[in-house]
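Scroll down for the structure; my scribbles are underneath it.
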Amino acid sequence: MRTLRAADLRAVPWRNGGGVTRNILAHPEGAGTADFVWRVSLADVGADGPFSGFPGVDRILTVVEGAGMDLLVGGRRRLVDERFVPQRFPGDAPTDCRLLAGPVVNFNVMFRRGTPAPAVAVVRGGLTVAGPALVVALDAPAHVGGVRLDPYDAQLVEPGATTVRAEGHAAVVTLPAR
């Protein structure tokens, strides 16, 4: 298991200036936006505006802070106003965002179409996770295999069974075999 601390994540400004992204983990490790197979990140959305397009990529977006967003995805309205509910949509569809009531923080999982897709679940309480998986504490501490995670800290769980206890909400991303 490997612990990834939120304090160590580097904020990268978006091209449109509407927010920043903090990459948690990507495959292959160190891959950029052009060459990842999958990536997990946090995005601080501070202003209305378009999302960056990612050809051939699907997104699973989960609002974890704030009131949410009114999205226009490929010309279709999609209201994302409930926290901790994963929403899947194409990353290459033109997407415009209107914030409902100020900034939001989104937990994002993106992956190339045609490759095995990660699965995202937001959980509370205790469970056993069979790796490979990435567990991210969202709004309160979580404990993974005896390691305490503060909000936005992550634990990479290798193959095998590991106990997770979330004091609040935690994202469990089941990863394709690497």
Of everything in region 1-47, what is farther than 12 Å from residue 111 by Cα and among the basic types (Lys, Arg)? Give them in sequence order. 2, 5, 10, 15, 22
Counting only residues that are more than 18 Å from residue 65 (Cα to Cα) and surrounded by 18 or more Cβ atoms within 10 Å (Cβ to Cβ), region 38-50 contains a total of 2
Please determine, by comparing only the residues of region 4-37 that are free of Cβ contacts under 8 Å to residues at least 12 places away in the same chain and assigned to a strand (DSSP E or B), which one is surrounded by the most Cβ atoms within 10 Å (Cβ to Cβ). 12
Checked against (1) in a loop (DSSP other than H, G, I, E, B); (2) touching a Lys or Arg at 6+ places or on another chain (Cβ under 7 Å), residue 54 satisfies every condition except (2)
Restrict the check to region 143-160 and report whether at least one residue is of a type in the set (A, V, I, L, M), touching a residue at least 24 places away in the same chain (Cβ under 8 Å) and in a loop (DSSP other than H, G, I, E, B). no
Suppose we filter 123, 144 for residues that are under 15 Å from residue 62 (Cβ atoms), surrounded by 15 or more Cβ atoms within 10 Å (Cβ to Cβ) and modelled with pLDDT of 95 or more; which single one remains? 123
Result of the Cβ filter at 6 Å on region 113-131, keeping first residues that are farther than 16 Å from residue 86 by Cβ and partners that are assigned to a loop (DSSP other than H, G, I, E, B), at least 6 apart or interchain, is 113/56; 115/37; 116/176
Which of the residues spanning region 161-178 are under 17 Å from residue 4 (Cα atoms), assigned to a strand (DSSP E or B) and of a type in the set (A, V, I, L, M, F, W, C)? 164, 166, 170, 171, 172, 173
Among the listed residues 128, 162, which satisfies the condition of being within 21 Å of residue 29 (Cβ to Cβ) and of a type in the set (S, T, N, Q)? 162
Tell me yes or no: at least one residue of region 53-66 is surrounded by 14 or more Cβ atoms within 10 Å (Cβ to Cβ) and farther than 19 Å from residue 173 by Cβ. yes
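For every residue, the table says whether it meets (1) of a type in the set (Asp, Glu); (2) over 15 Å from the mean Cα position of the chain (by Cα); (3) not in a strand (DSSP E or B).
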residue: 85; (1), (2), (3): no, no, yes
residue: 93; (1), (2), (3): no, yes, yes
residue: 105; (1), (2), (3): no, no, no
residue: 115; (1), (2), (3): no, yes, yes
residue: 127; (1), (2), (3): no, yes, no
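The values are calculated or read from the model by the stated rules, or taken from the named source; none is laboratory data. Predicted model only: the values in this text are computed from it and were never measured. Here the Cβ is made from the backbone with ideal geometry for all residues, glycine too, and neighbour counts use every protein chain on show.
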